[in-house]
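Working notes, structure below.
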Amino acid sequence: MIRSCLFAVLALALSACAQRSAWTLPVQPLNAHELARTAPTGRLSGVAMPVAYRAALDLDPRQPRFNGVVEIDIQLEAASTGLWMHGDDLDVSSVTATAGGETVAATWTEVLETGVVWVGFPKRLEARKLTLKIVYSAPFNANLAGLFKVESQGQFYALAKSESIEARRFLPGFDEPGFKAVFDMSITVPEGMRAIANTPEVSRAPARPGFETIRFAPTRPLSTYLLSAAVGEFDQVAHAPITANAVRKTEIPLTGYTRTGKGDELEYALSLTPPIVRIFEEMLQQPYPYEKLDLVAAPQWPSGATELAGAITYRESRILRGPNAGPSFIRALKEIHVHEIAHMWFGDLVTPPWWDDLWLKEGFANWSETAVLSILEPDGNHEVAAVSDMLSAMSLDSLASARAVSSPITRNEDIRSAYDAITYSKGQSVIRMVDHYVTPERFRPALGRYIARYADGDANSEEFFSAISRATNEPAVGDIFRGFVTQQGVPLVEASVSCGKGAPKLTLTQSRYKPLGSEIEPARMWTIPVCVAWRDGANSGRTCTLLDKPQSVTDLKGALCPAVIVPNADGAGYYRFGLSAEGWRSLGEALGDLPATEALASLDSAEAAFAAGNLSGEDWRGVLVSAVSHPDAAVLSAGLRATETLLRQLSDHPVADDLRTEITATLDARTDSPDDAEGAARILGFRALTLNDAAARDSLRQQLDAMLDGTGGLSSDLYVPALRVVFADGGAAMFDKVLEARARLDDAVFTQAVADAIGSVRDAELAARAEQLVFDGAFGGAASASMATSLMANLAHREATWNRLKSDFPAYLAVIPSQSRRATPRLARSFCDAGRIPELDALFKVQGPEAAGHEQALAETKEYLTLCAVQADAARAAFGPR
């Protein structure tokens, strides 16, 4: 009896001791200097790891502010007097910390403008579990970031844009992708309004008079950037569930949400969703990971779309199919829809731990567009879109200042700089190259095994390289990925063929591509899967090799002495190629008959050779004309774009008129199918805007007039060229008519087209009115940025627009989306004049702090201005004296 009492007393004493040991001696709070000195400018230390959130938001989009309460369960990995976390522009009224059965009041100090916060404890806390409870309020954001509100047709909507580091604007937490946790969310809303979150609604109960509280099911582990919270008078568009299949045993509820009156226009995207999900599941052998799938068409959104888990949210102009939707618009709708669904696996389920590995979600989502749509629509020519996407990346990657796909990011301000063509388009191109090299039959199931291994967790680039090498049983795969992902620049593969006894010899030499005027050092090495297509009379074939040294020599087996070689078969390789002058002439003559993927890759490599001084003006002109004669709309479009570039470079050089005449004759000689609406639209726009063809301008003007008057329709693919014509030719009366129609038509695609075209006005007073629309934010923040770019593109108004932007730069930054501010140096690209660099530097020396993260765009723009001027001079010289 005595012994058992002693054990009881000892147990009580140990319990009390354990409780006392959680919070130790009081500590002095850190002063402002110490906090500023120690605040993490990028990643948090990981000492505090969130496990679960219980969040209650009170959202009324009719009001200027919202309220919130959040409890966060945290595992503290080391003893501490406080912890670093995130919260941006939140008015915090109470913070408490509970550990070991004791609750203490804590302090909240926002230390950095990027929302880095110090939560200070009054006592030292040992390593253990704790719970923070934070009570706060905040204003709805005015720049489409965090939790923002918009008004449309007299109704209000609140939406959460959480990516990249915007969740901290409406929810205190650990706002990094690697900190995945379970979220238990409830939202109090005005009665009659809908609320959307990441998971299904599980209960609804009255709150204060006129309001109700909706609770949602707990999530799987999610990153904060994937959080959804949307409230408003949305139309709910019902759809049949996505049925079960061999990979997934349960059905998935599928629902659409639009602003009032737009529900019918979401039906098309909803109908595409079940087969797209099925293709992903079969391709990866991994089931769709979330309890539901909502498609939310937002009245305004700062990007095209965001992969909020289980509640994908789109800018409505990208996902609603209206009655005038043209084939290019529909193709783009399919691509963005596949892209966002891909994220449910790539990014949401398996997440990069930090933003320097953003490509692991965005590159794979971009690659999925082609991979999935080519299965969904085998005759849809989707591989061509992947090559076009690759070429956009190569344009940026040709700069010395270009970043690598995976580059260190040490500051929160620089995170958005990773959202560029390098991450998205180069990322997808490298993945596509490996998919071709390994073969889809081996590579795609290997991706599924990688997904299964890291599900609900995170994986960085090195973990991916190792996992995919093992899963494919191809050690070289990791080397291929590593070389392209960690090094910037475009490989240049120079190819030559020598014929003699035996099989012809193919010599390949690699270096880094360097255009005229660049400071790039060409010596660089990659491990490159190279496939060369060849033609030898009626005989043709291809030869593939892994180029992992500066030079290699390979037999062209089966060939006699090929007259034409295409050193990038199927346009599958992320590299440009070089040929001899004779090789370029032979390829130029054959280009019109090449597969579209190879024609696109050849056109780009020829343009790059001309820009590097390695292709004569006449040979480049010959390639251009062949491209414009190609039957594929994408090759045609690329050829016309390259023609527009060359005409700008030539300016008033006499050969410019000869080129216009030759291109006109080539277009006249085309025999396109009446069903090729994409090609027809591109040709009509080129004739009207670049060739200034009166008949083409009249046709566009008449079609737009009929649409505005309600007597006819106009394909959305022609909105921009038609509007550019009427803004240029129609004067004040047409300017007013278009703006009146924009409000009346309530068509988000038309509104965006107005913003893209409005800079074409000729009258200075109308240009001034357009400038004011920019600063008023009349069409929304994203449209304001588009209007500014449009005005800068017009030589007649460029100087006045630039001066207005410089003088009112804070006001301009205040009206555009927050995430667009870092890209504002690119407005100066319209000048093509290195003499503008000093004033660009001066502008951002003063205004740079308000355009956080602008440094990468500024460096790229300065280099672009230098190269643009050098290459324009070289282009004119290439065609001889005037």
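Which net charge results for the neighbourhood of TYR136, defined as the other residues with beta-carbon distances under 14 angstrom from its beta-carbon, given Lys and Arg at +1 and Asp and Glu at -1? Net charge in that neighbourhood comes out at -2.
Protein heavy-atom accessible surface, 1.4 Å probe, per residue over region 835-882: 46 Å². What whole-number distance in Å separates the alpha-carbon centres of region 578-622 and region 318-352? Taking the Cα centre of each part, region 578-622 and region 318-352 sit 33 Å apart.
Protein heavy-atom surface of region 329-396, 1.4 angstrom probe: 52% of the accessible area is carbon and sulfur, with nucleic acids and ligands not counted. Here the spin labels are modelled as points 7 Å beyond Cα on the Cα-Cβ line, and at ARG194 and GLN153 they lie 1.3 nm apart. Stretched out straight at 0.36 nm per residue, the stretch from ALA695 to SER616 would grow longer than its current Cα-Cα span by 25.0 nm. Dipole magnitude for region 750-882: about 200 debye, using +1 per Lys or Arg Cβ and -1 per Asp or Glu Cβ, origin at the Cα centre.
For region 432-456 versus region 804-846, the inter-centroid distance based on Cα atoms is 42 Å. When a 1.4 Å probe is rolled over the protein heavy atoms, the share of accessible surface on region 243-325 that falls to carbon and sulfur comes to 47 percent.
Charges were assigned to the Cβ only: +1 to each Lys and Arg, -1 to each Asp and Glu. The resulting dipole of region 130-223 about its Cα centre is roughly 140 debye. Charge tally for LEU516 (other residues, Cβ to Cβ under 14 Å; Lys, Arg +1; Asp, Glu -1): -2. Under the convention that each Lys and Arg Cβ holds +1 and each Asp and Glu Cβ holds -1, the size of the dipole of region 199-276 around its Cα centre is about 400 debye. Residues of region 64-93 with backbone nitrogen within less than 14 Å of a virtual label 7 Å along the Cα-to-Cβ line of ALA105, please, listed as ranges. Label zone hits: 93. Across the alpha-carbon set of region 202-270, the Rg to Rh ratio works out to 1.03, Rh being the Kirkwood radius. Positive-end ranking of MET344, TYR314, ALA371 along the dipole of region 289-389, with charges on Cβ about the Cα centre, is headed by TYR314. For the pair GLN285 and ALA238 in one chain, pulling the backbone fully straight at 0.36 nm per residue adds 14.1 nm over the alpha carbon distance. Taking packing as the residue-averaged number of other Cβ atoms within 10 angstrom, the listed peptides 395-407, 36-48 run from highest to lowest as 395-407, 36-48. Exceeding 30 Å between C-alpha atoms, which entries from my cross-link table qualify? They are LYS161/LYS292; LYS180/LYS262; LYS149/LYS426; LYS149/LYS292. With Cα atoms farther than 30 Å apart: LYS180/LYS262; LYS149/LYS426.
Here the contact order of region 470-590, divided by its residue count and restricted to Cα pairs under 8 Å and six or more residues apart, works out to 27 percent.
With a cut-off of 17 Å on the backbone N, no residue of region 197-238 is near the modelled label site 7 Å out from GLU77 along Cα-Cβ. Computed from label points 7 Å out along Cα-Cβ, the spacing between GLU582 and ALA796 is 5.2 nm. Within a Cβ distance under 14 Å of PHE156, other residues only, what is the Lys/Arg minus Asp/Glu net charge? Spelling it out: positives minus negatives among the neighbours equals +2.
Of the residues ALA446, TYR513, VAL493, the one whose Cα sits farthest towards the positive end of the charge dipole of region 435-571 is VAL493 (charges of +1 on Lys and Arg Cβ, -1 on Asp and Glu Cβ, taken about the Cα centre).
Were the residues from LYS557 through GLU267 laid out at 0.36 nm apart, the gain over their Cα-Cα distance would be 99.2 nm.
Within straight-line reach of LYS501, meaning a Cα separation under 21 Å, sit the following lysines at least 8 residues removed in sequence or on another chain: LYS557. Solvent-accessible surface of region 64-115, averaged per residue with a 1.4 angstrom probe and all protein chains in place: 41 square angstrom. Annotation: per residue accessible area for region 237-333 equals 33 Å², rounded to a whole number [probe 1.4 Å, protein chains only]. Summary of packing: across the peptides 818-824, 694-700, 355-361, the per-residue average of other C-beta atoms within 10 Å ranks them, highest first, as 355-361, 818-824, 694-700.
Considering only alpha-carbon pairs that sit under 8 angstrom and 6 or more positions apart, the relative contact order computed for region 723-823 is 25 percent.
Here the 3J(HN,Hα) profile of region 482-498, calculated from phi with Karplus coefficients 6.51, -1.76 and 1.60 at θ = phi - 60°, is 4, x, 7, 7, 9, 10, 8, x, 9, x, 10, 9, 8, 10, 9, 10, 10 Hz, Gly and Pro shown as x.
Cα gyration tensor of region 280-436, axes a ≥ b ≥ c as square roots of the eigenvalues: rounded (a/c below 1.5), prolate (a/b > b/c) or oblate? Cα axes put region 280-436 in the rounded bin. Highest mean packing first, where packing is the average number of other Cβ atoms within 10 Å per residue, the peptides 832-839, 613-620 line up as 613-620, 832-839.
When the chain is described by a simple charge dipole with +1 on each Lys and Arg Cβ and -1 on each Asp and Glu Cβ, the residue from GLN236, TRP584, LEU745 located farthest towards its positive end is GLN236. If you roll a 1.4 Å probe over region 781-882 with all protein chains in place, what percent of the accessible area is carbon or sulfur? Result for region 781-882: 57 percent of the exposed heavy-atom area is carbon or sulfur. Per-residue ellipticity at 222 nm from helix content only, as computed over the chain with -39500 (n - 2.57) for each DSSP H run of at least four residues, stands at -13500 deg cm²/dmol.
What number, in percent, do you get for the relative contact order of the chain if the mean sequence gap of Cα pairs under 8 Å and at least 6 apart is divided by its residue count?
Once divided by the residue count of the chain, the mean separation gives 8 percent.
Summary of the geometry: region 660-730 and region 73-133, compared by the centres of their Cα atoms, lie 61 Å apart. Building the convex hull from the alpha-carbon atoms of the chain and averaging its projection over directions returns 42.5 nm².
The values are calculated or read from the model by the stated rules, or taken from the named source; none is laboratory data. Keep in mind that what you see is a predicted model, and the values were worked out from it rather than measured. FYI the Cβ positions are ideal-geometry reconstructions off the backbone, even for glycines, and counts take in every protein chain you see. Side chains included, ligands, DNA and RNA excluded: accessible areas come from the protein's heavy atoms. Shrake-Rupley method; radii C 1.70, N 1.55, O 1.52, S 1.80 Å.
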